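Enquirer: Okay, here's the structure, questions in a sec.
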Amino acid sequence: QVQLVESGGGLVQAGGSLRLSCAASGRTFTTYTMGWFRQAPGKEREFVAAVTRSGGSTYYADSVKGRFTISRDNAKNTVHLQMNSLKPEDTAVYYCAAQYWMKGVTLSNPDYWGQGTQVTVSS
């Protein structure tokens with residue numbers, strides 16, 4: 001069982017930055033591909049970014065490429081999402097997700113989800 005707890009959300013002006021963190025419980029953190037999803041009001045949850053077990057490979061949605069950076073610290077069981085040049089359309093609840101590594105790197109079917117953290121970008 002893995003528990004995920006997000007932090008770092010908040011209100012920021014357009015063009016600003018935020019850094020989200022996700023703390024994972026358990027001893028098996030390195031067996032999971034980790035990532036972030038987001039869900040805006042009235043929209044479906046969408047993939048944002050993923051990072052492989054070692055942190056050596058990362059994947060991003062086209063809408064955030066060049067602005068967001070995902071990273072992980074396996075010694076601390078944490079995943080981060082650095083968000084720069086934020087836009088009002090980035091406003092959403094952001095969810096941390098974990099998927100067992102053998103299921104692939106696309107995070108198509110996460111095994112665990114966090115409770116979410118709100119990010120609001122004002123224009």
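Enquirer: If Lys and Arg each add +1 and Asp and Glu each add -1, what is the summed charge of the other residues whose beta carbon sits under 11 Å from the beta carbon of Pro110?
Expert: +1
Enquirer: Report the charge-dipole magnitude of the range 70-123 in Debye, nearest 20, computed about the Cα centre from +1 at each Lys and Arg Cβ and -1 at each Asp and Glu Cβ.
Expert: Result for the range 70-123 is approximately 120 debye, rounded to the nearest 20.
Enquirer: Under a Cβ-only charge scheme (Lys and Arg +1, Asp and Glu -1), can you give me the dipole magnitude of the chain about the Cα centre, in debye to the nearest 20?
Expert: The dipole of the chain has a size of about 240 debye.
Enquirer: Note down the relative contact order for the chain as a percent, whole number, built from C-alpha pairs under 8 angstrom at least six residues apart. Present the calculation step by step, with values, prior to reporting the outcome.
Expert: Details: 304 pairs, mean separation 43.7, N = 123.
Computed value for the chain: 36 percent relative contact order.
Enquirer: Along the range 112-123, what does the Karplus equation 6.51 cos²θ - 1.76 cosθ + 1.60 (θ = phi - 60°) give for ³J(HN,Hα), rounded to whole Hz, x for Gly and Pro?
Expert: 9, 10, x, 7, x, 9, 7, 10, 10, 10, 8, 8
Enquirer: Can you give the local net charge around Phe29? Use residues other than it whose beta-carbon is closer than 13 angstrom to its beta-carbon, Lys and Arg +1, Asp and Glu -1.
Expert: The answer is +2.
Enquirer: Among the GluC sites (Glu not before Pro) in the range 4-107, which ones are in a DSSP loop with at most 12 other Cβ atoms within 10 Å of the Cβ? Mind listing them?
Expert: Values: sites: Glu6, Glu44, Glu46, Glu89; in loops: Glu44.
When the GluC sites (Glu not before Pro) of the range 4-107 are filtered for loop state and at most 12 Cβ neighbours within 10 Å, Glu44 remain.
Enquirer: Here is a further query. Give me the dipole magnitude in Debye, nearest 20, for the range 1-47 about the Cα centre, with unit charges on the beta carbon: positive for Lys and Arg, negative for Asp and Glu.
Expert: I would put it at about 60 debye.
Enquirer: For the chain, which longest stretch is free of loop sites, where a loop site is one of the trypsin sites (Lys or Arg not before Pro) that DSSP puts outside H, G, I, E and B and that has at most 13 other Cβ atoms within 10 Å? Before the final figure, lay out each step's value.
Expert: On the way: sites that count: Arg27, Lys43, Lys65, Lys76.
The reported range is 77-123.
Enquirer: Where both residues lie in the chain, what percent of DSSP beta bridges are antiparallel, nearest 5?
Expert: 90
Enquirer: Excluding same-chain residues fewer than 8 positions from Lys43, which lysines have a Cα within less than 18 Å of its Cα?
Expert: Lys87
Coordinate-derived values only; no laboratory data. The shown structure was predicted, so the numbers you read here are calculated from the model rather than taken from an experiment. Cβ coordinates were reconstructed from backbone atoms using ideal geometry, including for glycine residues, and neighbour counts include every protein chain displayed.
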